[in-house]
Amino acid sequence: MDKISLQRIELMHPTLRVKLREDYTAANNVLGKGVRLRFSYTLRTFAEQDALFLKRPKVTNAKAGQSYHNYGAAFDIVLLYDKNGDGIFEEASWDTRRDGDRDGVSDWLEVTRVFEQRGWVNGFITNGKKWDLPHFTIKGAAHWRVLLNRYNAEKNSLIEGKYIKCIY
Ligand SMILES: [Zn+2]
């Protein structure tokens, strides 16, 4: 288990935390020795999203409210590798083909399958092509425009000051 990921799960929408903790555990458990799952991002607040949007070179097309991360309804993954077996996972990898546990299936694919089976949608599809493979959104979430309207309507009564009541 990865402590940083567990802390980041606590930033997810309150209704998703228990589920995601279970899903994280299930996904991490399919990885063999020397490989570990980390959540590189969970919640990105509206302020954080705006700061990211303004970054150059460009890293995102999404303004505040246009990303599922802004509602605690999405997370991004990265795989950590302990290359010399000393218990320190020194390498972060987004290689979707690497098979660090040598079980014949890429570590990335193994983890992706677990999350998809547990109700998370991987990446985005544009013109039939999947992109942003580290990204997962909860299945059935309403369009971000709907969520943004709710955010604006609930501004003064947000749960924990950050979250809209319902993400579906
Ligand atoms: Zn993402």
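Go through region 1-106 and tell me which helices (runs of 4 or more DSSP H), entirely inside it, have 3 or more residues that are at pLDDT below 95 and not acidic (Asp, Glu).
Those helices (runs of 4 or more DSSP H) span 46-54.
In the list Phe136, Phe115, which residue meets the criterion of being within 15 Å of the ligand (Cβ to nearest atom) and part of a helix (DSSP H, G or I)? Explain how you work it out, then say what you get.
Values: Phe136 fails: part of a helix (DSSP H, G or I).
Just one listed residue meets the conditions, Phe115.
Just wondering, is there one or more residues in region 144-167 that are more than 20 Å from the chain's Cα centre (by Cα) and either surrounded by 15 or more Cβ atoms within 10 Å (Cβ to Cβ) or within 16 Å of the ligand (Cβ to nearest atom) (or both)?
Checked region 144-167: at least one residue is more than 20 Å from the chain's Cα centre (by Cα) and either surrounded by 15 or more Cβ atoms within 10 Å (Cβ to Cβ) or within 16 Å of the ligand (Cβ to nearest atom) (or both).
Go through region 61-78 residue by residue and tally those that are more than 7 Å from the ligand (Cβ to nearest atom), closer than 17 Å to Thr126 by Cβ and of a type in the set (A, V, I, L, M, F, W, C).
Total satisfying the criteria: 1.
If we scan region 42-56, do we find a residue that is in contact with a strand residue (DSSP E or B) (Cβ under 6 Å, 6 or more places away or on another chain) and either without any contact (Cβ under 8 Å) to a residue 40 or more places away in the chain or farther than 30 Å from Asn149 by Cα (or both)? Break it down stepwise before answering.
Filtering region 42-56 for residues in contact with a strand residue (DSSP E or B) (Cβ under 6 Å, 6 or more places away or on another chain) gives 42.
This time we only want the ones that are either without any contact (Cβ under 8 Å) to a residue 40 or more places away in the chain or farther than 30 Å from Asn149 by Cα (or both), so: 42.
Looking through region 42-56, at least one residue is in contact with a strand residue (DSSP E or B) (Cβ under 6 Å, 6 or more places away or on another chain) and either without any contact (Cβ under 8 Å) to a residue 40 or more places away in the chain or farther than 30 Å from Asn149 by Cα (or both).
Anything in region 55-102 that is surrounded by 11 or more Cβ atoms within 10 Å (Cβ to Cβ) and aliphatic (A, V, I, L, M)? List them, or say none.
Selection gives Ala62, Ala64, Ala73, Ala74, Ile77, Val78, Leu79, Leu80, Ala92.
Does region 84-106 contain any residue that is within 16 Å of the ligand (Cβ to nearest atom), closer than 18 Å to Tyr41 by Cβ and touching a residue at least 60 places away in the same chain (Cβ under 8 Å)?
no
Would you call Val121 surrounded by 16 or more Cβ atoms within 10 Å (Cβ to Cβ) and of a type in the set (A, V, I, L, M)?
Spelling it out, Val121 is indeed surrounded by 16 or more Cβ atoms within 10 Å (Cβ to Cβ) and of a type in the set (A, V, I, L, M).
The values are calculated or read from the model by the stated rules, or taken from the named source; none is laboratory data. Just so you know, these numbers come straight off a predicted model, no measurement behind them. For neighbour counting, all protein chains shown are included, and Cβ atoms are generated from backbone atoms with ideal geometry for every residue, glycine included.
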